[in-house]
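Engineer: Provided herewith is a single structure, encoded as structure tokens, for subsequent inquiry.
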Amino acid sequence: MTEPNGGRLPRPGHKTSYLVLSLLAVLAVAVVLPLAGCLRLARPGMTIVLWDGPRWPDESGNRYHWVEQKIAEFEARHPMVEVVLVPVEWADMRAMLDAAKEAGRLPDIAPFDLSAGGIRPEELEAGLLEPVERFLAKPDDVSPQAKEAYSHGGHLWGFPQTMTGHVLLLNLDLFAERGVQPPKDGRWTWEEFVEAARRLTFDRDGDRKTDVWGFATYVMPGYYEAWSFLYAAGARPLSADLKTYTFDTPEAAAALGRLRDLVLKDKAAHPSTGSSAVRNIFDLFALAERQQVAMEPWAPWALDYIRTQEGTIKNVGVAAFPDPPAASERALTVGATAGYVVFRQEDSYRRSQVMALANYLTSAAAQYELARGYRAFPARKKALELDPFAGDPAYQRAAEIIFHAASLPPHPRWPHIERVIQREIQLALLGVKPAEAALRDAGTLVGPILEPPTP
């Protein structure tokens, strides 16, 4: 499991040792959970077991200080409740929960990051999780896409807390050099985006060869920068019931076709666009000594990286993907939502107190604190209205865009499905296939994967 939206999606090259995770999980069940059971006797009343991961450090280096403070505040308001914190590293969370499930010792509350697999259908079918729609405080304040990410079978299964997603990063020095105005409020039509990309593609040294391009991106399994162009146009890879492939619609084909034309027809995208040369494409944009690409889509970790590293550009802006839907409630990008789930409770009063803790950890005030300290993007409107990124226009704009980030389909065979689609999108951007044919061929290959296994 990745950190729950420290403003990031997984980075290229990240690997986890599953052998180590398995050993850690076994140790957690054997040692940590019995200890938590002993701590239940510390004071009279109800005990709630909360698992949580580290965030930003305080002056002493404690990365659990935020959740410890929230626990203290909650206990002060609920004097007959004790919350026992079991600290877990983010990378170990999923394996430890699986081991606790096997041991029958699940916590009451745990964080789930939907970019790391999230809720599994078999867990819902087994009744391991509590539906929370009756308990979520001020549901209209929560991002529609965040609620959708935790919805399945007509129920809401989690308390959204933070979000992440992709945005377009702009080299504002190149914009100024070419006299191109960035999009007002970060929003633009496809025509405006293409015109900017064309003007930002130029021969700098007069040798009649292009030195700078308006746009570039890469395509490879597990990364969805190119997909955000399709999502912004209203396209989705699978139907809501996860039974039908839906990237073969006119909206999806038109969006991919426009992106393909930007590369092959307008020549306003770097020639490596569509390849898997992720490091080179990033350096074309980010390195001050190169600056060969003016616009690239990345998750906000890239913005943090550029700001903190030597030798990188510093005048960076943020914009949405072109042709955002007129209705602002619809998704503008691909992303993920992190939050908390509540495991099965046998007693109604106990259930109400556990739900109260989940609401407290995901309140607008709590999300504001996470945004200020951890640079995590809120899933509540009220937290955005408190302006946690005041004085940082790039992060303010990223937060507004990511508030409407739609998660990927929670299909159990998603890695297989996604690899097929990625390959066809890559073939389209490299000029091997027309966009419509590529997405249609992807559907032909995805269809058998979606079919239920034969008994």
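Engineer: In this structure, is Asp185 on the phi > 0 side of the Ramachandran plot, of a type outside the set (Lys, Arg) and either part of a helix (DSSP H, G or I) or at pLDDT below 90 (or both)? Step through it out loud before you land on a result.
Structural biologist: Details: on the phi > 0 side of the Ramachandran plot: yes; of a type outside the set (Lys, Arg): yes; either part of a helix (DSSP H, G or I) or at pLDDT below 90 (or both): yes.
Yes.
Engineer: Are any residues in region 124-163 charged (D, E, K, R) and free of Cβ contacts under 8 Å to residues at least 40 places away in the same chain, and if so, which ones? Before you say what the answer is, go through the steps one by one.
Structural biologist: Here is the first cut: in region 124-163, the residues charged (D, E, K, R) are 125, 130, 133-134, 138, 140-141, 147-148.
Glu125, Glu133, Arg134, Asp140, Lys147 - these are the residues of region 124-163 that are charged (D, E, K, R) and free of Cβ contacts under 8 Å to residues at least 40 places away in the same chain.
Engineer: Let me confirm something: among Gly118, Gly179, which residue is assigned to a loop (DSSP other than H, G, I, E, B) and modelled with pLDDT under 95?
Structural biologist: On the way: Gly179 fails: modelled with pLDDT under 95.
Of the residues listed, the single one that is assigned to a loop (DSSP other than H, G, I, E, B) and modelled with pLDDT under 95 is Gly118.
Engineer: If you check Ala146, Ala103, Ala137, Ala110, which single one turns out to be surrounded by 21 or more Cβ atoms within 10 Å (Cβ to Cβ), out of contact with any Lys or Arg (no Cβ under 8 Å at 6 or more places or on another chain) and either among the basic types (Lys, Arg) or farther than 20 Å from Ala406 by Cβ (or both)? Working first, answer last.
Structural biologist: Details: Ala146 fails: either among the basic types (Lys, Arg) or farther than 20 Å from Ala406 by Cβ (or both); Ala103 fails: surrounded by 21 or more Cβ atoms within 10 Å (Cβ to Cβ); Ala137 fails: surrounded by 21 or more Cβ atoms within 10 Å (Cβ to Cβ).
The conditions single out Ala110.
Engineer: Please verify whether Gly234 is assigned to a loop (DSSP other than H, G, I, E, B), touching a Lys or Arg at 6+ places or on another chain (Cβ under 9 Å) and either hydrophobic (A, V, I, L, M, F, W, C) or farther than 17 Å from Leu168 by Cβ (or both), treating the condition exactly as stated. Let's see the steps before the verdict.
Structural biologist: Numbers: assigned to a loop (DSSP other than H, G, I, E, B): yes; touching a Lys or Arg at 6+ places or on another chain (Cβ under 9 Å): yes; either hydrophobic (A, V, I, L, M, F, W, C) or farther than 17 Å from Leu168 by Cβ (or both): yes.
Yes: the conditions hold for Gly234.
Engineer: Just name the residue that is surrounded by the fewest Cβ atoms within 10 Å (Cβ to Cβ) out of those in region 401-427 that are touching a Pro at 6+ places or on another chain (Cβ under 7 Å) and either modelled with pLDDT under 95 or of a type outside the set (S, T, N, Q) (or both).
Structural biologist: Step one: of region 401-427, the residues touching a Pro at 6+ places or on another chain (Cβ under 7 Å) are 409, 412, 418-419, 421-422.
Now restrict to residues that are either modelled with pLDDT under 95 or of a type outside the set (S, T, N, Q) (or both): 409, 412, 418-419, 421.
Values: Pro409: 15, Pro412: 12, Glu418: 20, Arg419: 15, Ile421: 24.
Only one residue tops the list, namely Pro412.
Engineer: Quickly run through region 192-222 and pick out the residues that are assigned to a helix (DSSP H, G or I) and without any contact (Cβ under 8 Å) to a residue 12 or more places away in the chain.
Structural biologist: Our first condition is that a residue be assigned to a helix (DSSP H, G or I); within region 192-222, this holds for 192-199.
Once the filter is applied, which keeps residues that are assigned to a helix (DSSP H, G or I) and without any contact (Cβ under 8 Å) to a residue 12 or more places away in the chain, region 192-222 yields only Glu195.
Engineer: Of the residues in region 255-285, how many are in contact with a Phe, Trp or Tyr (Cβ under 9 Å, 6 or more places away or on another chain), assigned to a loop (DSSP other than H, G, I, E, B) and farther than 29 Å from Pro393 by Cβ?
Structural biologist: 7
Engineer: Going by the structure shown, is Glu225 among the charged types (D, E, K, R), in contact (Cβ under 8 Å) with a residue 24 or more places away in the chain and not in a helix (DSSP H, G or I)? Working first, answer last.
Structural biologist: Numbers: among the charged types (D, E, K, R): yes; in contact (Cβ under 8 Å) with a residue 24 or more places away in the chain: yes; not in a helix (DSSP H, G or I): yes.
When the stated conditions are applied, Glu225 passes them.
Engineer: If a residue counts only when it is under 23 Å from Trp90 (Cα atoms) and touching a strand residue (DSSP E or B) at 6+ places or on another chain (Cβ under 9 Å), which helices (runs of 4 or more DSSP H) contained entirely in region 286-396 have at least 1 such residues? Can you show your working first?
Structural biologist: Numbers: elements: 301-308, 348-361, 364-374, 381-385.
Ranges flagged: 301-308, 348-361, 364-374.
Engineer: Name the single residue, out of those in region 171-206 being more than 30 Å from the chain's Cα centre (by Cα) and of a type in the set (Asp, Glu), that is surrounded by the most Cβ atoms within 10 Å (Cβ to Cβ).
Structural biologist: Glu177
The values are calculated or read from the model by the stated rules, or taken from the named source; none is laboratory data. Everything quoted here is computed from the prediction, not taken from an experiment. All Cβ positions, glycine included, derive from the backbone under ideal geometry; neighbour counts span all protein chains shown.
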